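To start, the structure itself, in structure tokens.
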Amino acid sequence: MKNKIKILFIRPTMGKGGADRVTWQLLKFFDRERFIVSLGVMRAEGDFMDGIPEDVDVINFRAKSLYWMVLPLYRHLKTYAYDYLYSTSGGTNIVAGVVKQLIGKGLPAVVLSERSSLFPPHKGAVKKATLKVLKGTFYQKAKWVTAVSHGILDQLEVELSLPRTRLKVVRNPLIDGQLMKQKEELIDQLFQIDSYRTIVAVGRFVPQKDYPTLIRAFSELIQNGKYNDLRLLILGDGPLLNDIKNLIRVTKTQDSVILMGYQKNPYKYMARADIFVLSSLHEGLPGVLVQAMACGAACVSTNCRTGPSELITDGIDGFLVPVGDHTALAQRMEMLLENPALRNKFREAAPAAVRRYQTDQAIRSYFEFL
């Protein structure tokens, strides 16, 4: 019998973000007939630690930062044999590249995952230049670099001069039976979603998500007392929470914008929303947009550099609007609110547009090239 391939996945923690969830899915569904799967983490913490399968060996490096993860990972790889070191986050991509530089030729081969735009627009010039040097140096050490969208793959080839033969597009395993079950759950709380028409957004309060554009668009939409029955629900938390609260006060939308906090099950809100909105400045492959479309939501998304245009065909199964344009966003939301037939058209078309992200299909893309 052919020896199984040994893979060590690495990432900082197993928190509650999209990449954490994808890594958790990979650990659950990688083909046990072909692979022996282990996980190395900077620190063993986060919501998804509890759900890691029992047959996955977890190595906790107990590092204070990614910088301090390099040496214990290097020592571990010198002691234990793996065929592949598979990084699933931008930070551990650099760690993996440094460790591979130290180890030199031979096993393990390195696989890196690029999950977001290489050089986000909100990063300063110095930060972008530093990232380009680091990625340009250490990504060359990888046998494969995976990208979650074709747009990111193009960036890797053009910006980092990586050979296209070493680049692979992978599909995040974002749609599974659990999601389909969770979207049917009732919303049990004081605020009853069925009492209002709702626009829903999901994501952390960080610059990338550009909630100011969404809130200004919503303010424009409801001005002059229009749409008194409309509510904007934002599901998430993060460092910009107070800034978002201040903007809500400035735009006088306190009665209509509801900050729901982090929700373990956002899908029941997506499924019942009149409109789902993604207002991001940049994305790799926006998982929440995939999941909202899978839930049958009528979606409006900014057409940021990578991701949304690979999911939405504008006017067919959703709307795309220019990044940062709150007026265009307000107009598209109003068009959907005023046109139930168009809204239903998007609802019906959306799930088929993202079917390729179903777990059984998507997982294969992560290991078929190994």
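The values are calculated or read from the model by the stated rules, or taken from the named source; none is laboratory data. Note that this is a predicted model, so its numbers are computed, not measured. With ideal geometry, Cβ positions are generated from the backbone for all residues, glycine too; neighbour counts draw on all protein chains shown.
Points to keep in mind about this one:
- Going through (1) farther than 22 Å from Arg115 by Cα; (2) in contact with a Cys (Cβ under 7 Å, 6 or more places away or on another chain) one by one, Leu232 falls short only on (2).
- Screening the candidates Glu184, Glu159 for the property of being touching a residue at least 40 places away in the same chain (Cβ under 8 Å), assigned by TED's automatic domain parsing to the domain that holds Pro108 and farther than 12 Å from Glu114 by Cα yields one hit, Glu159.
- Any hit, segment 255-269, residues being hydrophobic (A, V, I, L, M, F, W, C) and more than 20 Å from Glu220 (Cβ to Cβ): yes
- In summary, strands (runs of 3 or more DSSP E) completely within segment 236-351 and bearing 2 or more residues that are more than 18 Å from the chain's Cα centre (by Cα) and either within 28 Å of Glu114 (Cα to Cα) or outside the structural domain of Tyr196 (by TED's automatic domain parsing) (or both) occur at 319-321.
Residue by residue, here is whether (1) in contact with a Gly (Cβ under 6 Å, 6 or more places away or on another chain); (2) farther than 25 Å from Val22 by Cα holds:
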{"position": "Leu167", "(1), (2)": "no, no"}
{"position": "Ile175", "(1), (2)": "no, no"}
{"position": "Asp194", "(1), (2)": "no, yes"}
{"position": "Tyr227", "(1), (2)": "no, yes"}
{"position": "Gly236", "(1), (2)": "yes, no"}
{"position": "Leu241", "(1), (2)": "no, yes"}
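- Residue identified as over 19 Å from the mean Cα position of the chain (by Cα) and among the small types (Gly, Ala, Ser) among Ala201, Ala217: Ala217
- Meets criteria (surrounded by fewer than 18 Cβ atoms within 10 Å (Cβ to Cβ) and closer than 26 Å to Ala362 by Cβ) for Arg164: yes
- Residue match in segment 310-326 (condition: buried (at least 24 other Cβ atoms within 10 Å of the Cβ) and at pLDDT below 95): no
- For segment 55-84, the set of residues classified as more than 24 Å from Leu134 (Cα to Cα), touching a residue at least 40 places away in the same chain (Cβ under 8 Å) and of a type in the set (A, V, I, L, M) consists of Ile59, Ala81, listed by residue number.
- Scanning segment 213-254 for residues that are closer than 16 Å to Phe276 by Cβ and touching a His at 6+ places or on another chain (Cβ under 8 Å) turns up Thr213, Leu214, Ala217.
- Some residue of segment 207-222 being in contact with a strand residue (DSSP E or B) (Cβ under 7 Å, 6 or more places away or on another chain) and more than 23 Å from Gln291 (Cβ to Cβ): yes
- Within segment 1-58, considering residues that are among the polar types (S, T, N, Q) and in a loop (DSSP other than H, G, I, E, B), the one surrounded by the most Cβ atoms within 10 Å (Cβ to Cβ): Thr13
- Apart from one condition, Ser38 fits all of (1) more than 30 Å from Val288 (Cα to Cα); (2) without any contact (Cβ under 8 Å) to a residue 60 or more places away in the chain; the exception is (1).
- Residue in segment 63-70 that is under 27 Å from Lys168 (Cα atoms) and either of a type in the set (D, E, K, R) or touching a Lys or Arg at 6+ places or on another chain (Cβ under 6 Å) (or both) present: no
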